[in-house]
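The values are calculated or read from the model by the stated rules, or taken from the named source; none is laboratory data. Note that the coordinates shown come from a computational prediction; the quantities given were computed from them, not determined experimentally. Quick reminder, even Gly has a Cβ in these numbers, built from the backbone with ideal geometry, and neighbours come from all protein chains shown.
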Amino acid sequence: MGSEGSPKLPILNFSSENLKPGTTSWVATCKEVIQALEEFGFFVVNYDEVIPSQVHDATFRVLHELFALPTETKMKNRYQKPLNGYVGQIAKLPLHESLGIDDATSLEATQKFTDLMWPDGNNRFRDIMNSFAKLAAELDQIVTRMIFESYNSEKHYDSYIESTTYLLRLLKNRAPLENEPNLGFINHTDKSFTTILHQDSEVHGLEVETRDGEWITVEMSPSKFVVIAGDALMAWSNDRIQSPNHKVTINGKEDRYSLALFAFNNGTLQVPEELVDDDHPLKYKPFEHLGLLRFYRTDEGYKSKCPIKAYCGVQGHD
């Protein structure tokens, strides 16, 4: 973190007593969540009552097994939805490799992915990944409910959750060879509504940019998760929350493994009327979330400085 004036990483504690809606601790935690998101666009959450270290260790053991499979097997991971399947073997990003399980909170979808990777079956992998996805989705829904409530938009929460599916991405960044650059993944914002990230506690690498252009390195223990605001949340919040730039840099001799759960809405999202007023004129038109992913895959979307604004921004508020 460096100098005295460096921004302090926002770390929140989610214990069972401050997660009971309606209690004073819940209200206080909601305030902390919104403050962190409005100031940084992300925060680290300590969720140790839920993820014992043996669960953390087992999760990363099966990730190692997955990435040890032949490349041609991993490349079978394909979906119709853009950005969901296998990513790897990219000349400009030699350290990065990842796979995706769409609708990962469904046992059936996780089973389908597992059968593709291990035609003879691997129930251990399937069960651990499905349990992890459910755990991360539960955390995501707590945070999302806090966001909706804090902005007096709780009446929209149930319909939002009902049309949301979760993509679990399994990621590996190998350690660079002597003459290789150490960039694990390029500087980007997420296209999700929210992202829940969990990394192997031994090897760090995630760096997030603050509004002042300073980069914070995020270190995590087995019980910590990172919650990151995506472009869809930035638009939904009418720019009250910014989706932060982040990247992965690998500085050591060890490979880095991590998991990221992305919340994608299958319907149309729009800025709630509660978030539009004289000080906050409407900045985004209603938009189809999956349409944003498709737009991002076009030349215009990929090259635009802010894809969400190019996709559904109201003219004059860029």
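For region 111-134, which residues satisfy the criterion of being in a helix (DSSP H, G or I) and without any contact (Cβ under 8 Å) to a residue 40 or more places away in the chain?
Listed by number, the residues that qualify are Q111, K112, F113, T114, D115, N123, R126, D127, N130, K134.
Could you check region 15-40 and list, in sequence order, the residues that are assigned to a loop (DSSP other than H, G, I, E, B) and either at pLDDT below 90 or out of contact with any helix residue (DSSP H, G or I) (no Cβ under 8 Å at 6 or more places or on another chain) (or both)?
Correct list: S15, K20, P21, G22, F40.
So in region 245-274, with the set limited to residues that are aliphatic (A, V, I, L, M) and in a strand (DSSP E or B), which one is nearest to L206 (Cα to Cα)?
Residue satisfying both the conditions and the ranking: V248.
Only one of (1) more than 22 Å from T298 (Cα to Cα); (2) in contact with a Phe, Trp or Tyr (Cβ under 9 Å, 6 or more places away or on another chain); (3) not in a loop (DSSP other than H, G, I, E, B) fails for E108. Which number is that?
(2)
So which residues in region 146-156 are over 18 Å from F14 (Cβ atoms) and without any contact (Cβ under 8 Å) to a residue 40 or more places away in the chain?
E154, K155
Would you mind finding the one in E288, E273, E254 that is farther than 18 Å from R169 by Cα, free of Cβ contacts under 8 Å to residues at least 12 places away in the same chain and surrounded by fewer than 17 Cβ atoms within 10 Å (Cβ to Cβ)?
From the options E288, E273, E254, the qualifying one is E273.
Considering only region 14-50, state which residues are in contact (Cβ under 8 Å) with a residue 60 or more places away in the chain and touching a strand residue (DSSP E or B) at 6+ places or on another chain (Cβ under 6 Å).
Once the filter is applied, which keeps residues that are in contact (Cβ under 8 Å) with a residue 60 or more places away in the chain and touching a strand residue (DSSP E or B) at 6+ places or on another chain (Cβ under 6 Å), region 14-50 yields F14, L37, G41, F42, F43, V44, V45, N46, Y47.
Do you know which of the residues in region 45-76 that are at pLDDT 95 or above, of a type in the set (A, V, I, L, M) and in a helix (DSSP H, G or I) is surrounded by the fewest Cβ atoms within 10 Å (Cβ to Cβ)?
Step by step, filter region 45-76, then rank; the result is V62.
Does K303 count as buried (at least 18 other Cβ atoms within 10 Å of the Cβ), among the basic types (K, R) and more than 16 Å from S192 (Cα to Cα)?
Judged against the criteria, K303 is not a match.
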